[in-house]
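The values are calculated or read from the model by the stated rules, or taken from the named source; none is laboratory data. All figures in this text were calculated on a predicted structure; none of them were measured in a lab. Glycine gets a Cβ as well: all are built from the backbone with ideal geometry, and neighbour counts include every protein chain shown. These accessible areas exclude ligands, DNA and RNA; they are computed on the full protein's heavy atoms, side chains included. Shrake-Rupley method; radii C 1.70, N 1.55, O 1.52, S 1.80 Å.
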Amino acid sequence: MMDDEAPRRLRLTGGARLIGDRVAVVAEVFRGPVHIATEEVFMSVDDASVLQAQLCRALDLRSFPGLEQRAREKARMRHGF
């Protein structure tokens, strides 16, 4: 695999800070095992909120396997189908 084809990943290294109407997070960028750069990443408050909700859902599903299936079954019984 050539170095350009190595997967990229981020490691968050600092806490999130609110700067005006944006959220700033410091992240280290890696390509494979090699550290490429340290960047300050900005996102809107709305995007940060969506990301938070998605992360919470993913972590809940990991912590409580079957949680989503139980919620679907409960809704199905409530509506009778």
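Using θ = phi - 60° in the Karplus curve 6.51 cos²θ - 1.76 cosθ + 1.60, the 3J(HN,Hα) couplings for the range 32-40 round to x, x, 9, 6, 9, 6, 10, 10, 9 Hz; x is entered for Gly and Pro. The long axis of helix 67-79 is offset from the longest Cα principal axis of the chain by roughly 30 degrees. Computed from Cα positions, the angle between helix 45-63 and the longest principal axis of the chain comes to roughly 60 degrees. Rounded to the nearest Hz, the phi-derived 3J(HN,Hα) couplings of the range 11-27 under the Karplus curve 6.51 cos²θ - 1.76 cosθ + 1.60 (θ = phi - 60°) are 10, 6, 10, x, x, 7, 10, 8, 10, x, 9, 10, 9, 10, 9, 8, 9, where x marks glycine and proline.
Expressed as a whole percent, the accessible surface of the chain that belongs to carbon and sulfur atoms is 58, based on a 1.4 Å probe. Heavy-atom accessible area for residue 11, with the other protein chains in place and a 1.4 Å probe, reaches approximately 110 Å².
Starting from a Cα-only point model with no solvent, please compute log10 I(q)/I(0) by Debye for the chain at q = 0.24, 0.26 1/Å. Once normalised to I(0) and log-transformed, intensities are -1.08, -1.13.
Think of each Lys and Arg Cβ as +1 and each Asp and Glu Cβ as -1; about the Cα centre, that makes the dipole of the chain roughly 660 debye.
With protein chains left intact and a 1.4 Å probe, residues in the chain average 84 Å² of accessible area per residue. Once C-alpha pairs closer than 8 Å and six or more residues apart are averaged by separation and normalised to the residue number of the chain, the relative contact order reads 19 percent.
Here's the picture: a label point sits 7 Å out from the Cα of residue 79 along the beta-carbon direction, and within the range 31-72 the residues with their amide nitrogen under 12 Å of it are 72.
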